[in-house]
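This report concerns only the one structure given below.
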Amino acid sequence: DAMVIQNPRYQVTQFGKPVTLSCSQTLNHNVMYWYQQKSSQAPKLLFHYYDKDFNNEADTPDNFQSRRPNTSFCFLDIRSPGLGDAAMYLCATSRERGGVGTDTQYFGPGTRLTVL
Amino acid sequence: DAKTTQPPSMDCAEGRAANLPCNHSTISGNEYVYWYRQIHSQGPQYIIHGLKNNETNEMASLIITEDRKSSTLILPHATLRDTAVYYCIVIKAGTASKLTFGTGTRLQVTL
């Protein structure tokens, strides 16, 4: 059974056209994360939510924003995608944050974003 | 968090044990060693973690040296499905659960 679901799996957008990626979870976890993974690189954390508390990484561009309307859903908004934003976007969840064992992260399959 | 060093790639014959090393010479006392892997076109998957004792679960074993400066992930009977990039990550207990992925080891399991 899918636990972290990402839709769509593939998304194509045009340069500068806003796009939203979605993530949902059936684990009832408190924490949800968004990672960006460019080709042949390791995943890089953009931000995370602990419940409704939003935590941005210092080097995440302002072009990237996120919403978490409820426990189950989290969205990644890219306001004006550039060619350099083409990447795999990974959503992950963990039950808690900072507790050994309870902070194990469970990842979704990712959404591959293409910017034309 | 302590930095880690892993070989960029390794090969392993199917059915044999795969031993993936990781150096974390600057690890401090309250930092744990976590292993994740990423199969091609999938999200990363948690494998195992440990502090100082050896750990085993249904996926793998983790051997941590006595001085904790290095560790080895062991897949006892590698299969083709184990072909993936394996990431060794050191995380400080009690901090926000930020995973900082290094370059990892690309394990290729062959027939």
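Here is how the numbers come out for the structure above:
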{"quantity": "Meets criteria (in contact (Cβ under 8 Å) with a residue 60 or more places away in the chain and on the phi < 0 side of the Ramachandran plot) for residue B:91", "calculated": "yes"}
{"quantity": "Enumeration of residues in segment B:20-39 that are touching a strand residue (DSSP E or B) at 6+ places or on another chain (Cβ under 7 Å) and loosely packed, with under 15 Cβ neighbours inside 10 Å", "calculated": "B:30, B:39"}
{"quantity": "Cβ-Cβ under 8 Å pairs, at least 6 apart or on other chains, segment B:63-76 side over 12 Å from residue B:23 (Cα atoms), far side crowded, with 16+ Cβ neighbours inside 10 Å and acidic (Asp, Glu)", "calculated": "B:75/B:82"}
{"quantity": "Residue match in segment B:72-94 (condition: within 14 Å of chain A (Cβ to nearest Cβ), of a type in the set (S, T, N, Q) and closer than 25 Å to residue A:3 by Cα)", "calculated": "no"}
{"quantity": "Wholly within segment A:1-113, strands (runs of 3 or more DSSP E) carrying at least 1 residues that are under 26 Å from residue B:31 (Cα atoms) and in contact (Cβ under 8 Å) with a residue 12 or more places away in the chain", "calculated": "A:31-37, A:44-50, A:53-56, A:87-94"}
{"quantity": "Evaluation of residue B:42 against (1) within 12 Å of another protein chain (Cβ to nearest Cβ); (2) surrounded by fewer than 14 Cβ atoms within 10 Å (Cβ to Cβ); (3) over 14 Å from the mean Cα position of the chain (by Cα) (one fails), failing number", "calculated": "(2)"}
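Residue by residue, here is whether (1) within 14 Å of another protein chain (Cβ to nearest Cβ); (2) surrounded by fewer than 19 Cβ atoms within 10 Å (Cβ to Cβ) holds:
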residue	(1), (2)
A:6	yes, no
A:27	yes, yes
A:34	yes, no
A:44	yes, yes
A:68	no, yes
A:90	yes, no
A:93	yes, no
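Any read-out appearing in this document is the output of simple, stated calculations on the displayed coordinates, not a laboratory observation. Computed from a prediction, not measured in an experiment: that's the story for all the values here. Cβ atoms come from the backbone with ideal geometry, glycine included; neighbour counts cover every protein chain shown.
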